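Data first, discussion second: the structure below is written as structure tokens.
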Amino acid sequence: MSRHAILVIDMLNDFVGEKAPLRCPGGEEIVPNLQNLFQWVRSRKGDDVQLVFIQEAHRENDADFRVRPVHAVKGTWGSDFIPELYPEKGEYIVQKRRHSGFQHTDLDLFLREENIDTVVVTGVWTNVCVRSTATDALAKAYRVITLSDGCASKTKEMHEYGLNDLSIFSKVMTIDEYVQSWEKGLDPWKGGGDRENKVE
């Protein structure tokens, strides 16, 4: 039986909301969609679909700040999850200092311990941290699904560029399509990727 981890990437105070210094405007639009997804996951029996929260948590003088403004410093309000999408007790949290949730973290170890074979990416930014995490998931031989209405970027154009790139190696689908596949007993990942080289 396939086991999935839904990665919720960087839905943090420094990225989402009017007070966010590195605001990703699309982030606010996907909150209700992710809330519905969370409710579905949390209401399921068994653990074949798990929520995993990816939290950017930089050190104060992080090398990332050589190219980007200071943001999401570990232990600050900005690095904390937005209240609307807060993890519940028992849901795993992975802290990262780079774009990918896999770089120098224990995410891969956790997924292998849980016998998870499919990574489902959501969160911000589609064309940066979401894409980087998905790319590393593929490199580690996970099956990858991208939930198009569960991701967002700074602009709609950035979001669409990110989805276009992700469609080369992941299954891009909506949250409703993903949930309905499970409810029908189908493999949501089936048909993923671009085996015929059609993506332009």
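The values are calculated or read from the model by the stated rules, or taken from the named source; none is laboratory data. Here the structure is a predicted model, which is why all the values come from computation and not from measurement. Cβ: placed from backbone, ideal geometry, glycine included. Neighbour counts: every protein chain shown. Note: areas computed on protein heavy atoms with side chains; ligands, DNA, RNA excluded. Shrake-Rupley method; radii C 1.70, N 1.55, O 1.52, S 1.80 Å.
Return yes or no: is F53 under 27 Å from V179 (Cβ atoms), in contact with a Leu (Cβ under 9 Å, 6 or more places away or on another chain) and assigned to a loop (DSSP other than H, G, I, E, B)? Show your work before the answer.
Values: under 27 Å from V179 (Cβ atoms): yes; in contact with a Leu (Cβ under 9 Å, 6 or more places away or on another chain): yes; assigned to a loop (DSSP other than H, G, I, E, B): no.
Considered against the rule, which asks whether it is under 27 Å from V179 (Cβ atoms), in contact with a Leu (Cβ under 9 Å, 6 or more places away or on another chain) and assigned to a loop (DSSP other than H, G, I, E, B), F53 comes out as no.
For segment 116-160, what are the residues that are buried (at least 16 other Cβ atoms within 10 Å of the Cβ), on the phi < 0 side of the Ramachandran plot and small (G, A, S)?
Correct list: S132, A134, A137, S148, G150, A152, S153.
F169 is checked against (1) of a type outside the set (S, T, N, Q); (2) touching a Leu at 6+ places or on another chain (Cβ under 8 Å); (3) surrounded by fewer than 22 Cβ atoms within 10 Å (Cβ to Cβ); (4) part of a strand (DSSP E or B) and fails just one. What number does that condition carry?
Here F169 clears every test but (4).
Quick check on my filter: what residues within segment 94-115 are open to solvent by 10 Å² or more (accessible area, probe 1.4 Å) and either in contact with a Lys or Arg (Cβ under 8 Å, 6 or more places away or on another chain) or small (G, A, S) (or both)?
Result: Q95, R97, F102, Q103, H104, T105, D108, E114, N115.
Of the residues H58, H71, which is of a type outside the set (G, A, S), surrounded by 14 or more Cβ atoms within 10 Å (Cβ to Cβ) and farther than 13 Å from F15 by Cα?
Result of the check over H58, H71: H58.
When you look at K190, is it open to solvent by 30 Å² or more (accessible area, probe 1.4 Å), of a type in the set (K, R), in a loop (DSSP other than H, G, I, E, B) and without any contact (Cβ under 8 Å) to a residue 60 or more places away in the chain, yes or no?
Details: open to solvent by 30 Å² or more (accessible area, probe 1.4 Å): yes; of a type in the set (K, R): yes; in a loop (DSSP other than H, G, I, E, B): yes; without any contact (Cβ under 8 Å) to a residue 60 or more places away in the chain: yes.
Yes: the conditions hold for K190.
If you go through segment 86-131, how many residues are farther than 23 Å from F65 by Cβ and assigned to a helix (DSSP H, G or I)? Quick ask: steps written out before the conclusion?
Just the residues of segment 86-131 that are farther than 23 Å from F65 by Cβ, to begin with: 86-92, 106, 108-122.
When the remaining residues are screened for being assigned to a helix (DSSP H, G or I), the result is 108-113.
Looking only at that region, the number is 6.
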